[in-house]
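Asks: If you scroll down you'll find the structure; I have some questions about it.
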Amino acid sequence: MGSIYIQNNKDKYINFFSCCILVKGFERSAIYDIQRETIEFIPNTLIDFVEDIRGRKVSDVLEEYNGHKIAKEYLHFLEKKEFIFYSSNASFPELSDISTNEDTSDILFTTVIVSDHMYANLDTVAKNIQQLGIKRLHLHFDSDDCMERVLRILSSLEYSRVINLSLSMPHQKIHKKVYDHKRITSITLFNAPRKKTVKSDDIIRNYVTCNDSKLFLTRFNLYDLAISINAYNVAKNYNLALFKTIFIDGNGNIKYNVSDKNSYGNILDDFEKIKTDTVKKLSKLWNIKRDNIEPCNVCEFRYCCTTTFVPEKSKNGYTVNCNYNPYTTEFN
């Protein structure tokens with residue numbers, strides 16, 4: 001068993017990179033490579049194999065699994081993907097947890113529907129966004145000619161704490177001044193004649209043929225994954241999808257997502273009311289981790305999923321009605 005590389009390291013110990021996180025699901029498992037920000041799907045038995053071999057001498061593993069075809073394939077896979085390495089040391093320190101309280105922002109992620117009402121009260125909206133300390137902001141427009149509004153809003157946010165900005169609007173020509181705003185990472189243009197993705201000036205333009213009614217549906221998609229050390233630490237301590245995340249509708253109502261029938265305040269309220277009342281109400285669900293929600297607790301995506309499902313109480317704790325089934329790994 002083993003390649004020449006393995007044989008040359010038979011007197012060393014097998015170590016699993018600490019930046020690679022093993023997450024066991026019901027039907028399959030996953031390895032989150034939080035350094036490369038990628039995910040690799042694996043069989044559940046591979047996790048058991050890793051737990052058995054890590055910290056052991058290569059020679060001992062080769063002897064135990066000699067002639068074992070699957071074990072040979074697993075070891076080759078782990079080597080090829082650079083999930084393991086060989087060292088004279090039997091163990092290395094695990095990654096240190098990053099405090100989720102280091103950021104003083106009251107809210108981190110926000111989607112805003114920029115209606116006529118919201119635009120008419122832009123100064124108040126911009127002021128409260130700045131005071132909340134929002135870092136990632138998505139602005140949605142429904143006008144076929146909204147460039148003037150876009151540029152004015154971008155100007156109003158010039159000195160905010162927003163570091164990641166995305167836009168969505170009907171298919172139209174983008175004013176060249178929009179590209180001067182370096183915090184913009186993506187622009188989605190719906191009702192486009194054909195579907196395509198274009199990247200220029202470090203901005204991704206997504207052209208989609210559907211209308212905006214489908215843009216904010218609460219449905220899990222593989223492109224909604226957040227694989228990073230920060231996301232993982234938040235997910236281990238809080239509900240990653242809901243933690244400091246809000247949706248603001250066209251009337252300014254603050255919700256968890258577009259389907260939420262409840263309102264926890266209004267972005268046009270006095271800031272102190274938002275901070276002390278609205279944020280307090282929202283935070284009640286922040287502590288309900290995916291580990292305590294069915295079927296998230298057996299899902300391989302539970303520490304990287306950002307889909308804003310609102311958990312509901314059940315007989316055994318909490319549940320969500322997700323379109324992904326971890327028991328079959330199929331989408332509904």
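Asks: Only one of Lys261, Lys281 is part of a helix (DSSP H, G or I), of a type in the set (Lys, Arg) and surrounded by fewer than 16 Cβ atoms within 10 Å (Cβ to Cβ). Can you tell me which?
Replies: Residue meeting the stated conditions: Lys281.
Asks: Further question on the same structure: Just for the stretch 163-187: of the residues that are buried (at least 19 other Cβ atoms within 10 Å of the Cβ) and free of Cβ contacts under 8 Å to residues at least 40 places away in the same chain, which one is farthest from the chain's Cα centre (by Cα)?
Replies: That would be Met169.
Asks: Look at the stretch 104-157 and say how many of its residues are assigned to a helix (DSSP H, G or I), aromatic (Phe, Trp, Tyr) and surrounded by 18 or more Cβ atoms within 10 Å (Cβ to Cβ). Steps first, please.
Replies: Going through the stretch 104-157, the residues assigned to a helix (DSSP H, G or I) turn out to be 116-120, 122-132, 147-156.
Narrowing further to those that are aromatic (Phe, Trp, Tyr): 119.
When the remaining residues are screened for being surrounded by 18 or more Cβ atoms within 10 Å (Cβ to Cβ), the result is none.
Looking only at that region, the number is 0.
Asks: Would you be able to say whether some residue in the stretch 192-215 is surrounded by 15 or more Cβ atoms within 10 Å (Cβ to Cβ), of a type in the set (S, T, N, Q), modelled with pLDDT of 95 or more and part of a loop (DSSP other than H, G, I, E, B)?
Replies: No, every residue in the stretch 192-215 fails to be surrounded by 15 or more Cβ atoms within 10 Å (Cβ to Cβ), of a type in the set (S, T, N, Q), modelled with pLDDT of 95 or more and part of a loop (DSSP other than H, G, I, E, B).
Asks: Within the stretch 101-122, identify whether any single residue is farther than 30 Å from Thr307 by Cβ and not hydrophobic (A, V, I, L, M, F, W, C), and answer yes or no.
Replies: Within the stretch 101-122, not a single residue is farther than 30 Å from Thr307 by Cβ and not hydrophobic (A, V, I, L, M, F, W, C).
Asks: Return yes when Lys261 is among the charged types (D, E, K, R) and closer than 20 Å to Leu137 by Cα and no when it is not. Even if it seems obvious, please write down each step before you answer.
Replies: Numbers: among the charged types (D, E, K, R): yes; closer than 20 Å to Leu137 by Cα: no.
The answer is no for Lys261.
Asks: Among all residue pairs at least 6 apart or on different chains, which show Cβ distances below 6 Å where the first residue, located in the stretch 64-91, is under 12 Å from Ile14 (Cβ atoms) and surrounded by 17 or more Cβ atoms within 10 Å (Cβ to Cβ) and the second is of a type in the set (Val, Ile, Thr) and modelled with pLDDT of 90 or more?
Replies: If the second residue must be of a type in the set (Val, Ile, Thr) and modelled with pLDDT of 90 or more, the pairs left are Leu78/Ile84; Ile84/Ile14.
Asks: Would you call Gly55 in the same structural domain as Asp11 (by TED's automatic domain parsing), loosely packed, with under 15 Cβ neighbours inside 10 Å, more than 33 Å from the chain's Cα centre (by Cα) and touching a residue at least 40 places away in the same chain (Cβ under 8 Å)?
Replies: Working: in the same structural domain as Asp11 (by TED's automatic domain parsing): yes; loosely packed, with under 15 Cβ neighbours inside 10 Å: yes; more than 33 Å from the chain's Cα centre (by Cα): no; touching a residue at least 40 places away in the same chain (Cβ under 8 Å): yes.
Spelling it out, it is not the case that Gly55 is in the same structural domain as Asp11 (by TED's automatic domain parsing), loosely packed, with under 15 Cβ neighbours inside 10 Å, more than 33 Å from the chain's Cα centre (by Cα) and touching a residue at least 40 places away in the same chain (Cβ under 8 Å).
Asks: Is one or more of the residues making up the stretch 220-229 farther than 30 Å from Ser143 by Cβ, outside the structural domain of Ser115 (by TED's automatic domain parsing) and in contact with a helix residue (DSSP H, G or I) (Cβ under 6 Å, 6 or more places away or on another chain)?
Replies: No: the stretch 220-229 contains no residue that is farther than 30 Å from Ser143 by Cβ, outside the structural domain of Ser115 (by TED's automatic domain parsing) and in contact with a helix residue (DSSP H, G or I) (Cβ under 6 Å, 6 or more places away or on another chain).
The values are calculated or read from the model by the stated rules, or taken from the named source; none is laboratory data. What you see is a predicted model, and the numbers here were worked out from it, not measured in a lab. Don't worry about glycine lacking a Cβ; one is built from the backbone with ideal geometry, like all the others, and counts go over all protein chains shown.
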